[in-house]
Amino acid sequence: MTLMIKQRAVSEVVVLDLTGRLWILDLPLRDLMNGLLADGKRHFVVNLAGVDYMDSSGLGQLVSIWTSIRNKNGYLTLLNPSKRVRRLFEITRLHTVFEVFEQEPAAVEKARKAKARPFHNVNPPET
């Protein structure tokens, strides 16, 4: 099933409701997020309730999106992944990177209020 994305705004946060497969053959999420970031949007919730399959490319897209948002001082939360997708986050240890919520109001509130912590360069350049 092709990935379908519905976009809506809730309290200054962009909520993206995904339905279908997040995998190597579908890249509309990455393209949409790049456009939203270019438009100045910085706070996001990605609702994974309708995602029935995710492969390593889908995980890679989420990590890439998360990094792009953080680099723009934005914030991303994930909402309501299926048991299968949640297990994938646990196996890959990405549940330690993403904030995952079961209820939309909590995910929206966190995304709206949170500020990204800057990346710290482990090995700063020598001067």
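Quick one: in region 91-127, of everything that is farther than 25 Å from LEU22 by Cβ and surrounded by 10 or more Cβ atoms within 10 Å (Cβ to Cβ), which residue is modelled with the highest pLDDT?
LYS113
Can you tell me how many residues in region 65-90 are surrounded by 14 or more Cβ atoms within 10 Å (Cβ to Cβ), among the polar types (S, T, N, Q) and assigned to a helix (DSSP H, G or I)?
1
Which residues, counting only those in region 52-63, are assigned to a helix (DSSP H, G or I) and either polar (S, T, N, Q) or in contact (Cβ under 8 Å) with a residue 24 or more places away in the chain (or both)?
Once the filter is applied, which keeps residues that are assigned to a helix (DSSP H, G or I) and either polar (S, T, N, Q) or in contact (Cβ under 8 Å) with a residue 24 or more places away in the chain (or both), region 52-63 yields SER56, SER57, GLY58, LEU59, GLN61, LEU62, VAL63.
Of the residues that make up region 44-67, is at least one modelled with pLDDT of 95 or more, over 24 Å from LYS83 (Cα atoms) and among the hydrophobic types (A, V, I, L, M, F, W, C)?
no
Out of everything in region 20-35 that is touching an Asp or Glu at 6+ places or on another chain (Cβ under 9 Å) and without any contact (Cβ under 8 Å) to a residue 40 or more places away in the chain, what residue ends up being farthest from VAL108 (Cα to Cα)?
Looking at the filtered set, the residue picked out is ILE24.
For SER11, are the conditions met, namely being on the phi > 0 side of the Ramachandran plot, among the hydroxyl-bearing types (Ser, Thr, Tyr) and more than 14 Å from the chain's Cα centre (by Cα)?
Yes.
Criterion first (part of a loop (DSSP other than H, G, I, E, B) and in contact (Cβ under 8 Å) with a residue 12 or more places away in the chain) does ASP17 satisfy it?
no
Within the set of pairs 6+ apart or on separate chains, which have a first residue in region 98-113 that is over 16 Å from ARG70 (Cα atoms), a second that is in a helix (DSSP H, G or I) and of a type in the set (Gly, Ala, Ser), and C-beta atoms under 6 Å apart?
PHE101/ALA107
Working carefully through the options ALA38, ALA49, find the one that is among the aliphatic types (A, V, I, L, M), under 20 Å from GLY74 (Cα atoms) and without any contact (Cβ under 8 Å) to a residue 60 or more places away in the chain.
ALA38
The values are calculated or read from the model by the stated rules, or taken from the named source; none is laboratory data. In this text, all values refer to a predicted model and were calculated from it rather than measured experimentally. Glycine gets a Cβ as well: all are built from the backbone with ideal geometry, and neighbour counts include every protein chain shown.
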